[in-house]
Amino acid sequence: MSSYYIKFLPLGSTLLIKKWIHELDIDLRIVKPRKTKLGDFRFRSNRRLMITINNDLNPFAFLITLTHEIAHAFVYKKYGRSASSHGREWKSMFKSLMLNFLAKDIFPRDILTSLSMHLIKPTSTTSNDIDLSLILREYDRKKELTIIDIKKGDHFIFSNRSFVKGVRLRKRFRCKEIQTNRIYLFNPLVNITLLKTV
């Protein structure tokens, strides 16, 4: 199996990742960015395991996302379909896999601190952990504008539709679509385009 994915990983993490991919016989594919997910795990009808990871992630986000998906593969191998996708078995597996990387000077201190907190109760995606996501975002090569970056009342475009940013409700922002006046809740880290208002 080709190890082309190594260039996407931070130094010090590659040997263990290679071992897990080989052990599970995973078909790993690096793909164009998707709007709704950073990576995913699937099993095919021929029982082959497949993981896809977006190619625009910084090395630290790539490692966390890949380990997240590898945890799904280990859980599937052990429990089949009987374990829920982000249930107790997955959380335990993800934590145990990630702990391998926490003491090896792989992550910068700011990521390490936030990641350690995240691992106490991991969520189904790092995008749901705003603190960790904001810190990981600092290491992105290309900086994207997100809802958290603009002010209340600013107009923005998302999916070719215009919105006005509203107030923050616990984790999401309440925004109004300009054309229909319908209200939508947005993740603070969704990528947007700011509209210039006159």
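The values are calculated or read from the model by the stated rules, or taken from the named source; none is laboratory data. Bear in mind the structure is a predicted one, so any value in this text is a computation, not a measurement. Positions of Cβ are generated from backbone atoms using ideal geometry, with glycine treated the same way; all protein chains shown enter the neighbour counts.
In the set THR123, THR146, only one residue is at pLDDT below 90 and either under 26 Å from PHE62 (Cα atoms) or not assigned by TED's automatic domain parsing to the domain that holds PRO10 (or both); that residue is THR123.
For the stretch 1-30, filtered to residues that are polar (S, T, N, Q) and touching a helix residue (DSSP H, G or I) at 6+ places or on another chain (Cβ under 9 Å), the residue that is surrounded by the fewest Cβ atoms within 10 Å (Cβ to Cβ) is SER3. Restricting attention to the stretch 133-162, and to residues there that are free of Cβ contacts under 8 Å to residues at least 24 places away in the same chain and not in a loop (DSSP other than H, G, I, E, B), which single residue is nearest to the chain's Cα centre (by Cα)? Selected residue: ASP149.
Every residue, every condition in (1) in contact with a His (Cβ under 7 Å, 6 or more places away or on another chain); (2) modelled with pLDDT of 95 or more; (3) surrounded by fewer than 16 Cβ atoms within 10 Å (Cβ to Cβ), yes or no:
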{"site": "HIS68", "(1), (2), (3)": "no, yes, no"}
{"site": "HIS72", "(1), (2), (3)": "no, yes, no"}
{"site": "LYS78", "(1), (2), (3)": "no, no, yes"}
{"site": "ALA83", "(1), (2), (3)": "no, no, no"}
{"site": "GLY87", "(1), (2), (3)": "no, no, yes"}
{"site": "MET93", "(1), (2), (3)": "no, yes, no"}
{"site": "MET98", "(1), (2), (3)": "no, yes, no"}
{"site": "LYS104", "(1), (2), (3)": "no, no, yes"}
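May I ask you to verify whether THR180 is of a type in the set (Val, Ile, Thr), out of contact with any Gly (no Cβ under 8 Å at 6 or more places or on another chain) and assigned by TED's automatic domain parsing to the domain that holds LEU63? It is false that THR180 is of a type in the set (Val, Ile, Thr), out of contact with any Gly (no Cβ under 8 Å at 6 or more places or on another chain) and assigned by TED's automatic domain parsing to the domain that holds LEU63. The set of residues from the stretch 86-125 being touching a residue at least 40 places away in the same chain (Cβ under 8 Å) and of a type in the set (Ser, Thr, Tyr) comprises just one member, THR125. Within the stretch 111-129, restricting attention to residues that are surrounded by 15 or more Cβ atoms within 10 Å (Cβ to Cβ) and in a helix (DSSP H, G or I), the residue that is farthest from the chain's Cα centre (by Cα) is LEU112.
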